[in-house]
């Protein structure tokens, strides 16, 4: 009988333990400052870059660099983004390069998103930056 | 390379349009067989008509970084803020007219300066005399 009660309470006990342990370890993690550089000035390229900057502002891992927090990583859109019409919609096709502020190349990523949902491109780029950042030393 | 452009807006004076067209049409493409011809017109040429709005104010809704530009590389709409003064506005329009034809920018953005302003240098093979090396 007693064993049955313990088993019934086990899931909630585990949850409480995990939450408590998480709170103990909840030290604010350091957000890495990132610079975004855009080698193109057409609207699609401007919008892609602005979306990446906005994405960094809300990222738990990165922060947009400023004078007070010089960049440790750099995202470069090396040339004007490409696009193609698919029916009535426009697909944005991008290349983004990653490097450290010390010019160490950390790779690149290619991808695409619809122009009416350009933040999707930014999310993809920032996700790949997280992978690339592990190579930085 | 024929680029038909309908210049609109309060800044589309005959003087400004003439300066923009002359700037583009006198460019040396580096290939004697390739000549740029911006044609100011309000009628399509071979089904193509681009519109360049020359008027006051930045449009950060459509151009969130520079406040001006063309809608996309090979696009057909552009806006230039004439408040930037001359020759900046005309040079910006001449630069952006080339994007209508799909010509890419040829600069590398660098680290921001101490005031937070963007900096750029021409890509290898280009210099400060080239129209695509920066916005102006």
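We did not get these values from a lab; they are worked out from the coordinates using the rules stated. Remember, predicted model here, so these are calculated numbers, not experimental data. No Cβ is skipped: glycine too gets one built from the backbone with ideal geometry, and neighbour counts run over all protein chains shown.
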(message) What distance in nm lies between label points placed 7 Å from Cα along the C-beta direction at residue B:1 and residue A:86?
(response) 2.9
(request) Would you mind checking the radius of gyration and Dmax of the range A:31-133 based on alpha-carbon positions, in Å? (result) 13.1, 46
(request) Can you tell me the relative contact order of chain B? Whole percent, Cα pairs under 8 Å, sequence separation 6 or more. (result) 22
(request) Normalise the Debye intensity by I(0) for the range B:1-58, one equal point scatterer per Cα, no solvent, then take log10 at q = 0.29 Å⁻¹ and round to two decimals. (result) -1.16
(request) Using only atoms on other chains, find how many Cβ atoms lie within 10 Å of each Cβ of peptide A:76-85 and report the average. (result) 3
(message) Please state the shape class of the range B:24-136: rounded when a/c is under 1.5, otherwise prolate if a/b exceeds b/c and oblate if not, all from the C-alpha gyration tensor.
(response) oblate
(message) Can you give me the C-alpha center-to-center distance between the range B:34-85 and the range A:50-122, rounded to a whole angstrom?
(response) 24
(request) Give me a single rounded figure for A:44-53: the average over its residues of other chain Cβ atoms within 10 Å of their Cβ. (result) 4
(message) Within 10 Å of each Cβ in B:109-122, how many Cβ atoms from other chains are there, averaged over the peptide?
(response) 3
(message) Test of understanding: in a Gaussian network model of chain B with alpha carbons linked when under 10 Å, which of B:43, B:65, B:111 would top the mean-square fluctuation ranking?
(response) B:111
(request) Springs between alpha-carbon atoms under 10 Å, Gaussian network over chain B: tell me which of B:79, B:117, B:99 tops the mean-square fluctuations. (result) B:117
(request) Could you work out which residue, out of B:91, B:46, B:16, moves most in a Gaussian network model of chain B, that is, has the largest mean-square fluctuation with Cα springs under 10 Å? (result) B:46
(request) Obtain the radius of gyration and the Kirkwood radius of the protein assembly as shown from its C-alpha atoms and give Rg over Rh. (result) 1.15
(message) What does DSSP give for chain B in terms of the percent of beta bridges that are antiparallel, rounded to the nearest 5?
(response) 30
